[in-house]
Amino acid sequence: MLNSLLRRKSLDAILQESETPQHQLKRTLNAFDVVMLGIGAIVGAGIFATIGTAAAGDATRPGAGPALILSFVITAVACGFAALCYAEFAAMVPISGSAYTYSYATLGELVAWIIGWDLIIEYAVGNVAVAISWGNYFKTFVGGFGLHIPDWLSTDYRTAARIPGLFESAPHIFGIPIVFNILAIGIVALITIVLVVGIRESATINTAMVGLKLIVLGLFVVVGWGYMKTENWEPFAPNGWAGVQAGAAVVFFAYIGFDAVTTVAEEVRDPKRDLPIGIIGSLIICTVIYIVVAMVFTGIIPYSVLVQKLATEQAEPLTMALQYANIERWGNVFVGIVAFGSVVAHTAVLLVFQLGQPRIFFSMARDGLLPQSFARVHPRFRTPHVTTILTGVAVGVCAMFTSIDEMVDLTNIGTLFAFILVCVGILVLRKREPNRPRAFKTPWVPFVPVAGIISCFYLMMGLPWITWIRFALWLALGLVVYFSYGYKRSGLRSQT
Ligand code: ALA
């Protein structure tokens, strides 16, 4: 039994499989495209929404306050260690299954299954949070044109409970207030339709969207700069180190995505060179942007005001800060532009992850760990429609009823766990196959992977206990599914 759980796919077999003509994708992307794809997947709800919770805290955690800037640095360092490990794997095994494939080759089938199951949290649950945040900014954007979307149609039940008067103003059926987030499910439904009908990941469209994201964040910085007050940075860390750590664990969400570029590995012209550049380059660029945005954000809006506002409102922090600054000339126009840019940014992230999730299911189904129907391709559109629709329905329904903070926490714990396993994988493979050619070598092994493991675990420790329980339950469910299905049907079973 132990042998079966540890059965591994050989790296050579994996590489060979991807080289058969019927499995070959078109290699069109260069290093610039990969960096842009990385930024496209990274900049979204994290910087536009979670920085509010990270700075202010909530019922389950202390806020970082202006030390949010430090939280961003700490998280960047942890992600940096993981990114270096991802880069080694991605250059060595340029296969679209990402961490799932890497662990199948290094740590064995059980761990690969756990990672694949865990990646559902990163991709699908992450998108639930992004969809909710999309709705918040969309509401602000159309609000600028005088179109008011009622709160009961754009909020989940639990968030509604802390917004004074919301339940009273909602329609009631049998005395029960009706509250759900129609915006969040709406955008997920739209994206699902687009993906089923077939959207080629167009690097050009992505680059345009990334350009817009960066312009909008740049505008926030340039406009907000003049409204910063250094006294707002006092006290710098109102909740001490605990607040900084909790803040870092939340803003980790803003960095998720640099790893997602590994899913286009088979479409990159020179993956051995371009993937490490894409992973590390996009991470560095986003880190610099985030730190500057965090400085301006915490400089504009005092910590106490932020705490008070977020306790009673749905959070869309960047426009909230601009509104607080009360800019006299063009103030509403700037708010509108930031809200619009944010809507575009969120849409790009939703697309990448909503596209990535079916690919991971696809790889798992091809290996026999999930039903073969998951690997079905639509006869006309040539897209994995079964898994795309399944992902869309699950993400859409969850987005209608859940709160963004809960979903962010769950995404973070799941993704941090995946990062840890990738770092472990590097240590294992260096020992097991020291002579395998490595186009990119993680520097200072074992220090970097070990530091990656410790720092990611440290961030996990900054998440609320309820998140740990939810995560444990999710993993337990995964094990039940594996032992009742994949274990018996694995493609490697016949070979062991
Ligand atoms: N990093 C992505 C975002 O912030 C997931 O939306």
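Bear in mind these aren't lab numbers, they're just calculated from the coordinates by the rules spelled out. Owing to the predicted nature of the structure, the values given are computational and were not obtained by experimental measurement. Using ideal geometry, Cβ is built from the backbone for each residue, glycine included, and neighbour counts are taken over all protein chains shown.
Quick notes on this structure:
- Per-residue 3J(HN,Hα) values for the range 61-69, derived from phi via the Karplus relation 6.51 cos²θ - 1.76 cosθ + 1.60 with θ = phi - 60°, read 7, x, x, 7, x, x, 5, 3, 4 Hz in sequence order (x marks Gly and Pro).
- Summing Cβ point charges (Lys, Arg +1; Asp, Glu -1) relative to the Cα centre of the chain gives a dipole of roughly 1340 debye.
- The distance linking the range 474-491 with the range 88-108 is 20 Å (Cα centroid to Cα centroid, whole angstrom).
- Kirkwood hydrodynamic radius over Cα pairs of the range 119-236, then Stokes diffusion coefficient at 4 °C and 1.567 mPa s, in µm²/s: 73
- The H on the amide N of T155, modeled in the peptide plane, is under 5 Å from the matching H of F180, N181, I182, each at least 5 residues off or on a different chain.
- Using only Cα coordinates, the Kirkwood hydrodynamic radius of the chain works out to 22.9 Å.
- Sparse-neighbourhood loop sites, trypsin sites (Lys or Arg not before Pro) in the range 317-375 - DSSP loop, at most 12 other Cβ within 10 angstrom: R329
- Taken along its principal axes, the alpha carbon cloud of the range 247-406 reaches lengths of 57, 41, 30 Å, longest axis first.
- The range 288-444, dipole about Cα centre (Lys/Arg Cβ +1, Asp/Glu Cβ -1), debye to the nearest 20: 1100
- The angle between the Cα long axis of helix 271-300 and the longest principal axis of the Cα atoms of the chain comes to about 20 degrees, rounded to the nearest 10.
- Computed from backbone phi, the HN-Hα couplings of the range 220-227 come to 4, 5, 5, 5, x, 3, x, 9 Hz, rounded to whole numbers (Karplus: 6.51 cos²θ - 1.76 cosθ + 1.60, θ = phi - 60°; Gly and Pro given as x).
- In order along the range 45-50, the Karplus-derived 3J(HN,Hα) couplings, from 6.51 cos²θ - 1.76 cosθ + 1.60 at θ = phi - 60°, round to 4, x, 6, 8, 10, 6 Hz, and Gly and Pro are given as x.
- Percentage of interatomic Cα-Cα distances in the range 37-94 larger than 18 Å: 49
- Put simply, the convex hull of the Cα atoms in the range 235-290 casts, on average, a shadow of 4.8 nm².
- Spatially, the range 315-375 and the range 178-246 are offset by 7 Å when compared through their Cα centroids.
- The relative contact order of the chain comes to 34 percent, based on Cα pairs under 8 Å that sit 6 or more residues apart.
- Dipole of the chain, positive direction: furthest Cα of L190, P238, A365, with charges on the beta-carbon: A365
- Given their separation in residues at 0.36 nm each and the Cα-Cα distance between them, A59 and L219 gain 54.4 nm when the chain is fully extended.
- Rounded if a/c under 1.5, otherwise prolate or oblate - the range 108-184, Cα gyration tensor axes: oblate
- For the range 67-86 and the range 408-441, distance of Cα centres in Å: 16
- Residues of the range 24-59 with amide N under 20 Å of the 7 Å Cα→Cβ point at K229: 55-56
- Counting only alpha carbon atoms, the long axis of helix 447-461 and the longest principal axis of the chain meet at about 50°.
- Angle between the chain longest axis and helix 109-120 axis [Cα atoms, degrees, rounded to 10]: 30
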